Amino acid sequence: MAFSVGATQEHRLNVADMINALHKLSEADRDLIMLARVDGKSPVQIAEHLKVPLGTMHARLSRATARLRDLYNAEPRPDVVCGRFRHRRAA
């Protein structure tokens with residue numbers, strides 16, 4: 001499946017925005033997101049690793065995910081030039 005140059009540029013900008021947002025999280029929130037979303041650990045594995053009850057882990061992950069979403073959505077969205085057209089990135 002081939003992607004257009006514009007789609008590739010858009011993807012790179014989205015990844016850069018997500019990395020910037022991740023770096024703005026607290027270390028605890030970032031570690032939790034990384035364990036769950038990047039490392040693919042199960043909720044039970046994360047709770048055991050953190051030595052907290054499962055419900056506590058779910059609450060922390062929910063709050064960390066909400067903070068990440070807020071930070072990601074707060075990133076400025078520059079115009080993206082695709083060929084001859086200029087597209088405004090959705091906020």
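Pairs are defined by a Cβ separation below 8 Å, a sequence spacing of at least 6 or placement on different chains, a first member in the range 35-59 that is small (Gly, Ala, Ser), and a second member that is part of a helix (DSSP H, G or I); the pairs so defined are ALA36/PRO43; ALA36/ILE46; ALA36/LEU61; ALA47/LEU54; ALA47/THR56; ALA47/MET57.
Out of ALA47, ALA21, which single residue is surrounded by 14 or more Cβ atoms within 10 Å (Cβ to Cβ), of a type in the set (Gly, Ala, Ser) and modelled with pLDDT of 95 or more? Among ALA47, ALA21, only ALA47 is surrounded by 14 or more Cβ atoms within 10 Å (Cβ to Cβ), of a type in the set (Gly, Ala, Ser) and modelled with pLDDT of 95 or more. Considering only the range 59-69, I want to know if a residue exists there that is outside any helix (DSSP H, G or I) and under 12 Å from the mean Cα position of the chain (by Cα). Checked against the condition, which is being outside any helix (DSSP H, G or I) and under 12 Å from the mean Cα position of the chain (by Cα), the range 59-69 yields no hits at all.
The values are calculated or read from the model by the stated rules, or taken from the named source; none is laboratory data. For clarity, every value in this text was computed on a predicted model and none was experimentally measured. Every residue, glycine among them, receives a Cβ derived from its backbone with ideal geometry; neighbour counts consider all protein chains shown.
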